[in-house]
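Step one of this worksheet: look at the structure below.
The values are calculated or read from the model by the stated rules, or taken from the named source; none is laboratory data. Nothing here was measured: the structure is a model prediction, and the numbers come from that model. Positions of Cβ are generated from backbone atoms using ideal geometry, with glycine treated the same way; all protein chains shown enter the neighbour counts.
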């Protein structure tokens, strides 16, 4: 065991030094940095510039404009990777999807149930508000979706599984809601091309020099980012339903979860 | 005014240093602990220190995602896993 | 000048130490749940290092996150905003990286539960011994 310990200490020291020596010698620039990069200055200057509307994104929040407008294709493919990972997690249990659970439960005590009901409404309200104001202040689809996803997961533990098995929020409706949100994410960058019959760019937000289509840029008098509002809403609903589905599958009782494993010991 | 901004800048950098040094301690405790429930709790404390570090680096969008994911969803998932497979590491 | 450079170097060094210790935890500990916890710590530390590279020294103005607060800016306000804000590009990259990391971690937990129900243990050394037995009796 002594040789193994020495080897692992040498491994930790090796990883630390091989990351630290190039940093001290200046491989990422001066430490600490003196100024931001030129492309960052360009994005910050153009994102809400009302005097030079050739490349603006109509939202005073630079991070949302970069995620959904200037680098919109990266986010589209990231949504695809997320979707595939959740499908892979669901397909491990493909025989028992949508079943009601065998073992019934009664949940936790009365005080916990009443206290949690108040907190549940607050979490859902904060989460949906964060999705909706993502183009004005820090917020957006991913943030709001992750916040809303906490509430039903704790709901499965505090009330028992009956509240989801015998209600409208079971497996089929969640999958349908998720598919509608994903169709919305795919259609919003394609609508400019369909409406103008080919004279627009993909992910077009505002008027460009060569293409004359634009989403509206204000709601009465509040700046709205054009397509950023719709994309944030659809992405928030997609993230929230995906996490709820994954946790519904993982929290089955052991009796029902052994069903996909039947017959493995005889080689089937 | 210039002296005020200078000392505020020094304070921000000193807070960055102290927070990151404290998080090294909790990472060592999380990796060395044999009780898996305590390892999850040390990891959640380290995530809280990281969210303070992200706030000091002026990234408010990331703080919202990080708190919801790393202090809310991941410890819940891991505690459910520890309940199903066994609490102590042999 | 001195205290700022020292504190920034301390932050970078401690983040690199976090990455190294959690990678040691992934490689050296035989329990699958411990490997999973150390993997999540490694992912978080690398994301924070990416955002740290977007900070900068103050240079006589107070820094601001990349959010414009004035909804009718004049060109002078826009130039002021460009001089004060931190870099928004690493934040956009890390935002998607955190959510993808969570989806892959959920899939990993499903795989660990499936392994536990099949082999009745989560210790990697014992699983490889049992698996060796299964392969030997299948090819015999």
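Values computed for the structure shown
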{"read-out": "Verdict on residue C:40 being at pLDDT below 95, facing chain B (nearest Cβ under 7 Å) and assigned to a helix (DSSP H, G or I)", "value": "no"}
{"read-out": "Members of the range A:1-49 found to be under 22 Å from residue C:10 (Cβ atoms) and assigned to a loop (DSSP other than H, G, I, E, B), listed by number", "value": "A:25, A:26, A:27, A:28, A:29, A:30, A:31, A:32, A:33, A:34"}
{"read-out": "Residues (closer than 17 Å to residue B:25 by Cα, at the interface with chain B (Cβ under 7 Å from one of its Cβ atoms) and buried (at least 18 other Cβ atoms within 10 Å of the Cβ)) located in the range C:1-23", "value": "C:11, C:14, C:15, C:17, C:18, C:21, C:22"}
{"read-out": "Selection from the range A:215-245 of residues that are over 24 Å from residue A:93 (Cα atoms) and buried (at least 24 other Cβ atoms within 10 Å of the Cβ)", "value": "A:225, A:226, A:227, A:228, A:231, A:232, A:235, A:236"}
{"read-out": "Matching entry among C:98, C:62, C:46 (being exposed (fewer than 15 other Cβ atoms within 10 Å of the Cβ), closer than 30 Å to residue B:20 by Cβ and touching a helix residue (DSSP H, G or I) at 6+ places or on another chain (Cβ under 8 Å))", "value": "C:62"}
{"read-out": "Criterion (surrounded by 13 or more Cβ atoms within 10 Å (Cβ to Cβ) and at pLDDT below 85) met by exactly one of A:134, A:140, A:105", "value": "A:105"}
{"read-out": "Scan of the range A:50-73 for residues that are surrounded by fewer than 21 Cβ atoms within 10 Å (Cβ to Cβ) and without any contact (Cβ under 8 Å) to a residue 24 or more places away in the chain, ordered by number", "value": "A:50, A:51, A:52, A:71"}
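For (1) more than 7 Å from chain C (Cβ to nearest Cβ); (2) more than 29 Å from residue A:130 (Cα to Cα); (3) within 17 Å of the chain's Cα centre (by Cα); (4) not in a loop (DSSP other than H, G, I, E, B), each residue gets a yes or a no:
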position: B:5; (1), (2), (3), (4): no, yes, no, yes
position: B:10; (1), (2), (3), (4): no, yes, no, yes
position: B:26; (1), (2), (3), (4): yes, yes, yes, yes
position: B:51; (1), (2), (3), (4): yes, no, yes, yes
position: B:63; (1), (2), (3), (4): yes, no, yes, yes
